[in-house]
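Structure first, then comments.
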Amino acid sequence: MRGVPVLAVSLVNVSEDLPWGRYDKDRLRSGLSYAIGRDLIERSLREAGAVVGSLVFAVPVNGYPILAVEQKIVEVFWFSTLKNRYWATAPETPGGNLMMRVWAVDSARRHEISGPLADAVPEVCRWIANASARGTNTVWSAMRHELTVRYSNHRIHLSER
């Protein structure tokens with residue numbers, strides 16, 4: 001089902017056969033690139049049997065989240081299943097409580113980041129599948145959760161909060 005974008009002009013609804021409901025990709029600035037592509041994410045989501053409500057490729061603003069010591073590369077957000085009155089009438093969609101954001105990285109570091117990150121993406125997608133499998137009527141699903149993938153010291157680090 002196609003519809004009108006609700007979050008941004010560049011946000012589009014995509015075909016139902018993709019493992020995300022909406023997709024957005026910021027235009028890269030000079031010196032930045034994405035360490036992984038949409039194809040790897042699509043393949044990994046399919047292998048995990050997972051879907052997300054939206055997939056966003058984002059360009060950092062004013063240096064965020066690029067730091068000299070560590071860099072945030074991927075974030076997955078599980079939004080609480082508890083709805084306030086405003087969202088109570090919003091239609092439920094597969095993966096609707098999940099958003100995945102991939103941050104652009106310094107082009108000079110892209111190659112060193114892309115290999116380890118590609119190895120971590122299947123684990124991220126399994127986390128997404130497990131989050132969805134918990135169901136909507138659990139204590140876990142009623143709270144907000146975030147899985148963050150960072151790159152530091154030539155390694156990928158995953159953390160959940």
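The values are calculated or read from the model by the stated rules, or taken from the named source; none is laboratory data. Because the structure is a prediction, the values reported are computed rather than measured. For neighbour counting, all protein chains shown are included, and Cβ atoms are generated from backbone atoms with ideal geometry for every residue, glycine included.
Need pairs with beta-carbon distance below 6 Å; first residue without any contact (Cβ under 8 Å) to a residue 24 or more places away in the chain and within region 136-161, second hydroxyl-bearing (Ser, Thr, Tyr); sequence gap 6+ or separate chains.
Close Cβ pairs (under 6 Å, with a partner that is hydroxyl-bearing (Ser, Thr, Tyr)) amount to SER159/THR148.
How many residues are buried (at least 18 other Cβ atoms within 10 Å of the Cβ) and either more than 16 Å from SER33 (Cβ to Cβ) or touching a Cys at 6+ places or on another chain (Cβ under 9 Å) (or both) if we restrict to region 108-126?
So the count comes out to 4.
Hey, does region 81-104 have a residue that's basic (Lys, Arg) and at pLDDT below 65?
Yes.
Looking only at region 132-161, which residues are of a type in the set (A, V, I, L, M) and modelled with pLDDT of 85 or more?
Those that are of a type in the set (A, V, I, L, M) and modelled with pLDDT of 85 or more: LEU147, VAL149, ILE156, LEU158.
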